[in-house]
Every structure is written in structure tokens, then in C-alpha cells.
Amino acid sequence: MTVDTVLPNTQIPSYELSTDQIEIRDQALKFFMSEFHPLQERMDNEDWWPEHAIPKLGEMGYLGQTVGEEYGGAGLDYLTSSVIAEVMTYANPAIAFSWLGHDNLCLNNIYRSGNEDQRNRYVPKMCSGEWIGALGMTEPGAGSDALGSMRTRARREGDHYVLNGTKIFITNGPIADVLLVYAKTDMEKGTRGISAFIVEKGFEGFRVAQKLDKMGFRGSPLGELVFDDCIVPVENLVGEENQGARIMMTGLDIERAMAVPFAIGIGQRALDLALDYAQTREQFGKTISNFQMIQSKLAEMYIRLEAARSFAYRAIRACDNMPHGETGRGDIHKLTAAALFHSAEAATFIADEAVQIHGGMGYMRETEVNRLYRCTKVLEIAAGTQEVRKMIIAGEMLKG
Ligand SMILES: Cc1cc2nc3c(=O)[nH]c(=O)nc-3n(C[C@H](O)[C@H](O)[C@H](O)COP(=O)(O)OP(=O)(O)OC[C@H]3O[C@@H](n4cnc5c(N)ncnc54)[C@H](O)[C@@H]3O)c2cc1C
């Protein structure tokens, strides 16, 4: 069976991007297609993580994308970063997934909410790719209700905190050097008793309990983490004690916005593969692209992709216009949840139709279109499920 060899689509629409953004995107696409695209089949088959990927991204200037240049970052806005994420996903979704865990979920949050000492200690090494980052929020009993049901606790003892608890479904967990972890410092105060900590993998009492086996984005390591009397120095408390919920909520809107390009990248790739296949696969003496039912599918895929892309750019641009600390509530909270809801649904639809156009071949695990199909589901689950996104949207609309 042949491996898909479709070349990247150089016609990716760019109406809303500046000349600079288009140039950055096209250069990135070329690099990711030559360096990372060839790795994806082995990553999926063997759940293999290429250790050189993060350092290579650092070397090429693709880490710390939204971090200031004085800390070794690229100083880009979210929209420019999102188009890089889109083409990284297009070329290799699993590397892009780990990039998101590192660059957005962990690094960007430490950069935005950490103090000068924390920025100096952690940000440059994460921008170079020397250290890999992860975010530990979800727990076995605390998913959609991550704040309210959180059981991981941190108690202060002199010059350090002692953390106890378990975090699950943590992207990069098994390979992370640095983790941004949320824990309750005051069990009586509910969501107002949560704090954020920077944990290093070498801290006493921290361990990776297991690497998890997932359906899509395979190769990007996902893990369960245990904190068993884990000693964290007080200097590693991010922000004020009991102010963690605010850090988490402001970060989550940006995380949702930056997950949208994943849906666009997967949707674009699935459409390109389907277009190629429809024009080469022959049945009834002609290519299947001649059949109106196939044309209808391709047209609908394009419509949903372009609608999602327009919504994506609008929501991400809105994040660029928000001062730090002002996300996590109001219009931006609603808009980012809606953009991710819409794009995740579009990507799921497009990948499903792309498999349908590939017929039996699309059902084979080793085809790229099958890999994309297996990736899409998590876009409806992680960073708040579709149901949670609807709760956010309705909640904001119904606020008095
Ligand atoms: C591949 C992957 C990567 C991830 N990476 C990270 C990471 O890096 N860091 C991290 O902290 N977390 C991560 N997560 C966790 C992710 O954010 C959670 O899985 C997600 O928030 C959902 O939580 P849950 O899985 O516990 O589902 P649950 O909360 O148990 O939900 C189960 C179902 O019930 C529904 N539901 C729950 N409450 C309500 C309600 N009030 N009304 C209606 N329906 C409801 C949900 O929508 C869902 O359909 C990752 C998850 C996956 C799968």
C-alpha cells in the first residue's frame, strides 16, 4: 500500500493575513514538511517521540513564539503564532500537539504570570528547547470541573510547599522537564483556594506514573503524574497564594484560541488529500471526482473549512487585542469557546468525509487520512469539551 505523497497546498487562503504573516507561514510550512512530515507514520505506528523535535523547533526559532525577545522568544502575536501552528499541524499533528503543550500551555503561562526570577530561570531554557514544558491541571476526578473537584493539595512548610495528588491526561507529561501545576492551598475556599506552581521533574516526590496509549496524535507523549510529598520551593509559587484560578482561567481562553489552528491544519490537510485522491482514483471508467456526490462532499468540506478559518482568525486576533489578565471572562471567553467549538466540529466533519472519499483505503490505519480522522475527536474533548464550551457561551450570554 502506498503512503500519501500529496504536496502541501500552496493556495492556503490568506486574505486576512499581512504579507509578513504569509511569508512566515509559507517558510514554516516548507520547513515542517521537509523535517517533520516524514516522521509522522513512525510516530503513529510505534507511538514514538522524536527527541530532536523540540530542540530543532528551538534552533529554528519556533519556540517561545509569543514570548518577548529579551527572554529568547520570537515576540510574535497570537495570530502569527496560530498560522505557524496551523501549518505545523498540517505537516505533523503530533509534533504540533506537543509544541502546544510546551509553548502555549506551559511556557506562555509562565512568561505571562511568572515573576522576573521565574522568567529568568525557566523561559530562556524553554525557548531554546533545552527544557520541555507541560501543564498539569486535569485529575482523575476533576476534568470538566477542574477547579471545583481538584484534590491535589499543597501545604506550606517553611521555605517550601509539599504537594500531594495525581494529574492525568497531561500532554508531554512523560518527557517534561518543567511543569506548571495547579493545587489547592486552602481546601476550605473552594476555587478561591487554588495556587499555581512550577515543578521540575527532578523535585523529590514527583514521578510519572504511566504513559497513556491514545487514539490520535500518537507519538506525542501523554501521561499520568503523581505528587507524593513533592517538595516545591516557595520561589516556585506563581503569582499570589490562592490566586491560581485566575491564572488558569486567563490561560484557558488563549489555550482554546490556540487549539483552533489544529482544527484548521487538520481540515486543510484532509481536504488536500481528498482532492488528490478524488482526481486519481478511477471507478466506472473515470476518476471519482467526476461524480456529483463526490463533488458535493468536496464543496461542503471547503465551505466548512473556510467558515472555520474566518472565525478562527477573528477569535485569535481578539486575543491579541486583550491586555494580559483580561481573558477568562466576558466576550473573549465566549468567542474563543465558540471558535473552538465550531472549528472542532468542522474538522471532524471534513476528516470524516475525507475518509469516505478514500473508501476502504481510508479505513486502513496506515493512511494519512486515517491518522487525521483519529486526531480530530480530541479537538471536541480537550481544553474543555464541546458541552463545556456551550456552557461557557450560554453562561456569558445569560449573565445579568
Ligand atoms: C489527548 C488529551 C490531551 C490532554 N492534555 C491535557 C494537558 O496537557 N493538561 C491538562 O491539564 N489536561 C489535559 N487533558 C484533559 C482534558 O482537558 C480533559 O479530558 C477534559 O477537560 C474533559 O475532562 P474529562 O476527560 O475528565 O471528562 P469529564 O469531565 O468526565 O466529562 C465526561 C462527559 O461529561 C460531560 N459533562 C461534564 N460535565 C457536564 C455538564 N455540567 N453538563 C453537560 N455535560 C457535562 C463532558 O462534556 C463529557 O462529555 C487532555 C486530554 C486529552 C484527551
Only one of (1) within 30 Å of HIS37 (Cα to Cα); (2) within 12 Å of the ligand (Cβ to nearest atom) does not apply to ASP177, and that is (2)
Condition set away from the ligand (no atom under 14 Å from the Cβ) and among the small types (Gly, Ala, Ser), scope the range 187-244, selection surrounded by the most Cβ atoms within 10 Å (Cβ to Cβ): answer is SER195
Scanning the range 105-150 for residues that are surrounded by 24 or more Cβ atoms within 10 Å (Cβ to Cβ), within 16 Å of the ligand (Cβ to nearest atom) and not hydrophobic (A, V, I, L, M, F, W, C) gives ASN108, GLY133, GLY136
Checked ALA318, ALA383 against criteria (more than 20 Å from TYR277 (Cα to Cα), within 14 Å of the ligand (Cβ to nearest atom), modelled with pLDDT under 95 and open to solvent by 10 Å² or more (accessible area, probe 1.4 Å)); the one match is ALA383
Check your understanding: Taking the stated definitions as given, is ALA307 surrounded by 23 or more Cβ atoms within 10 Å (Cβ to Cβ) and in a helix (DSSP H, G or I)?
Key -> no
For the range 138-161, pairs from a residue that is farther than 16 Å from ALA245 by Cβ to a residue that is part of a loop (DSSP other than H, G, I, E, B) and near the ligand (Cβ under 8 Å from one of its atoms), with Cβ under 7 Å and 6 or more apart or across chains, are none
| message | Being within 16 Å of the ligand (Cβ to nearest atom), open to solvent by less than 50 Å² (accessible area, probe 1.4 Å) and assigned to a helix (DSSP H, G or I) is the requirement here; does ALA337 meet it? | response | yes
Taking the conditions exactly as written (more than 17 Å from the chain's Cα centre (by Cα), within 23 Å of LEU105 (Cβ to Cβ) and away from the ligand (no atom under 16 Å from the Cβ)), does GLU326 satisfy them or not?
yes
(request) Determine whether the range 345-355 contains at least one residue that is within 16 Å of the ligand (Cβ to nearest atom), of a type in the set (S, T, N, Q) and open to solvent by 10 Å² or more (accessible area, probe 1.4 Å). (result) yes
Among helices (runs of 4 or more DSSP H) entirely within the range 45-137, at least 2 residues that are without any contact (Cβ under 8 Å) to a residue 40 or more places away in the chain occur in 116-128
Answer with yes or no whether PHE169 is at pLDDT 95 or above, more than 14 Å from the ligand (Cβ to nearest atom) and of a type in the set (Phe, Trp, Tyr). no
Given the conditions (1) more than 10 Å from the ligand (Cβ to nearest atom); (2) out of contact with any Cys (no Cβ under 7 Å at 6 or more places or on another chain); (3) under 18 Å from PRO140 (Cβ atoms); (4) open to solvent by less than 10 Å² (accessible area, probe 1.4 Å), every one holds for LEU163 apart from (2)
ALA245: passes all of (1) within 22 Å of the chain's Cα centre (by Cα); (2) modelled with pLDDT of 95 or more but (2)
Being open to solvent by 20 Å² or more (accessible area, probe 1.4 Å), closer than 19 Å to ILE264 by Cα, aromatic (Phe, Trp, Tyr) and over 18 Å from the mean Cα position of the chain (by Cα) narrows TYR302, TYR363, TYR373 down to just TYR302
Inside the range 38-73, the number of residues satisfying the requirement of being surrounded by fewer than 20 Cβ atoms within 10 Å (Cβ to Cβ), out of contact with any Pro (no Cβ under 6 Å at 6 or more places or on another chain) and not polar (S, T, N, Q) is 17
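The values are calculated or read from the model by the stated rules, or taken from the named source; none is laboratory data. This structure is a prediction, so every number in the text was calculated from the model and none was measured. Glycine gets a Cβ as well: all are built from the backbone with ideal geometry, and neighbour counts include every protein chain shown. All accessible areas refer to the heavy atoms of the entire protein, side chains included, with ligands and DNA or RNA removed. Shrake-Rupley method; radii C 1.70, N 1.55, O 1.52, S 1.80 Å.
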